[in-house]
Amino acid sequence: MLRFAAIGLDHRHIYDLTAGLLAAGAECAGHDPETSDPRVLAGFRKRFPHVPAVTREMLLDDPSIGFIVLAAIPRDRAALAIEAMRRGKDVMVDKPGVTTAEQLAAIESAVRETGRIWSIALGRLTSPAVQVALEVAQSGELGRLVSLTSLAPHRLNRALRPDWFFDRDAYGGIINDIGVHSIDQFLAFANASDATIAASTIGCFGTEPQGFEDFAEIALRSPTMTGTMRLDWFTPDGLPDWGDGRLFLVGTEGTLELRKNLDIEGRAGGDHMFVANKKRTRHQDCSGMPVTYYRDFLDDVRDRTGRMLDGGRVFSVCRLALRCQAEAVRFTP
């Protein structure tokens, strides 16, 4: 059985990553109790009471531990991942994996030098609805894809956010932080390793503290299709979920919509897909479809195949997100 350690318990995504790996058959050998947010640590211990607290140094020195899962403060993730790789560990990291171009270059260099695996748990990989939508798109049912539009609203949940959440140097900016999911999603549907930035805009509409990036829009082009992405922190408290994530695909023979979080018509749960083609319309509940990311990652660690690097696309996604962040037109009404 593959063994891993949980390091960097600063973001609640560590819960999902750990749970996914345990369900896929891995064993969590320990967690590093060092954290910037004691509430995250308490939540981890409540969910995984059988996982012992062990110092970071002991976890990294343990030869029986094959990889680490990492959800530290975003600006610290690259350095921790590089340290782990140089000490013989593979890495699964929460998004964003890096916050600067210099960090990304250092990660790429460490992967080449060590031969270790560095994988970001991006939304496309952990969403059953997106996986089904990719299968539909690749089947030809929609014809040739023309356009993708994605909406990624998030709830601020201010009371749950630590100080670093509002520090742009710490989280890397709104596009680099939550927009990286949308960029990765576009490249996957376009079957492209890179894209041209047609437009990138970041807005600060008054969310305290002053200067916090609460809105962004991105427009990308690949050789075959266009993509428009909106992301924000304006999900109202009255919505019964953390956001209303949506994806729209337009093809020459049909259209597809995903409602990732909820169906406003009242059908239970998330991961709803709606398809219209020349013959009919249909709804599919994708929530029961398998998510293979965690199992695939374990196979990579075991077999040394590197599938999770996806031919280097993960680096392209990070590079494109950093460029969109850096080149964005700033809009402060």
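Laboratory data are not the source of any read-out in this text; all were calculated from the coordinates shown. The structure displayed is predicted, hence computed values, not measured ones. Cβ atoms come from the backbone with ideal geometry, glycine included; neighbour counts cover every protein chain shown.
Rounded, prolate or oblate: which fits the range 153-291, taking a ≥ b ≥ c as square roots of the Cα gyration tensor eigenvalues, rounded meaning a/c under 1.5, else prolate when a/b beats b/c?
Values: a/c = 2.40, a/b = 1.34, b/c = 1.79.
Here the range 153-291 falls in the oblate category.
Just to verify a number: FRET efficiency for residue 58 and residue 253, C-beta to C-beta distance, R0 = 51 Å, to 0.05? Don't skip to the end; give the middle numbers.
Values: r = 57 Å, r/R0 = 1.12.
About 0.35, to the nearest 0.05.
With the Cα gyration tensor of the range 209-333 giving a ≥ b ≥ c as the square roots of its eigenvalues, does the rule (a/c under 1.5 for rounded; else a/b larger than b/c for prolate; else oblate) give rounded, prolate or oblate?
Values: a/c = 1.39, a/b = 1.03, b/c = 1.35.
Rounded is the answer for the range 209-333, as its axis ratio a/c remains below 1.5.
Quick one: angle between helix 38-47 and the longest Cα principal axis of the chain, in degrees between 0 and 90, rounded to 10, please.
The two axes meet at around 90 degrees.
Between residue 12 and residue 242, 0.36 nm times their residue separation minus their Cα-Cα distance comes to what?
Numbers: separation 230, 0.36 × 230 = 82.80 nm, distance 1.34 nm.
Residue separation times 0.36 nm, minus the Cα-Cα distance, leaves 81.5 nm.
Grab the DSSP H runs of the chain that are 4 residues or longer, score each as -39,500 (n - 2.57), total them, divide by all residues and round the 222 nm result to the nearest 500 deg cm²/dmol. Mind dumping the intermediate values first?
Working: 11 runs with 111 residues, N = 333.
Rounded to the nearest 500, the figure is -10000 deg cm²/dmol.
Along Cα→Cβ, 7 Å out, is where each label goes; now give me the distance between the ones at residue 291 and residue 47 in nm to one decimal.
So the two model labels end up 1.0 nm from each other.
With charges only on Cβ, +1 for K and R and -1 for D and E, what is the dipole size of the range 3-120 about its Cα centre, in debye, rounded to 20? Kindly include the intermediate steps, with their values, before the conclusion.
Values: 15 positive and 16 negative charges, 57 e Å.
It comes to approximately 280 debye.
In nm, to one decimal, how far is the modelled label at residue 109 from the one at residue 86, with both set 7 Å along Cα→Cβ?
In this crude spin-label approximation the distance works out to 1.0 nm.
Shape of the range 15-64 from its Cα gyration tensor (a ≥ b ≥ c, root eigenvalues): rounded if a/c is under 1.5, otherwise prolate when a/b > b/c, or oblate? Working shown, then result.
Details: a/c = 2.04, a/b = 1.04, b/c = 1.97.
It is oblate, given that a/c is not under 1.5 and a/b is not larger than b/c.
Provide 28, 318 in ascending order of the number of other Cβ atoms located within 10 Å of each residue's Cβ, fewest first.
Ordered by Cβ neighbours within 10 Å, fewest first: 28, 318.
Using semi-axes √(5λ) of the Cα gyration tensor in Å as the read-out, say which of (i) 31, 23, 21; (ii) 25, 24, 21; (iii) 41, 23, 17 was calculated from these coordinates.
Read-out from the structure maps to (i).
Which aspartates and glutamates have a Cα less than 14 Å from the Cα of residue 260, not counting those fewer than 8 places away in the same chain?
Once the sequence-local aspartates and glutamates are set aside, what remains near residue 260 is 241, 244, 271, 285.
Between the range 205-243 and the range 269-333, how many Å separate their Cα centres?
About 17 Å separates the Cα centre of the range 205-243 from the one of the range 269-333.
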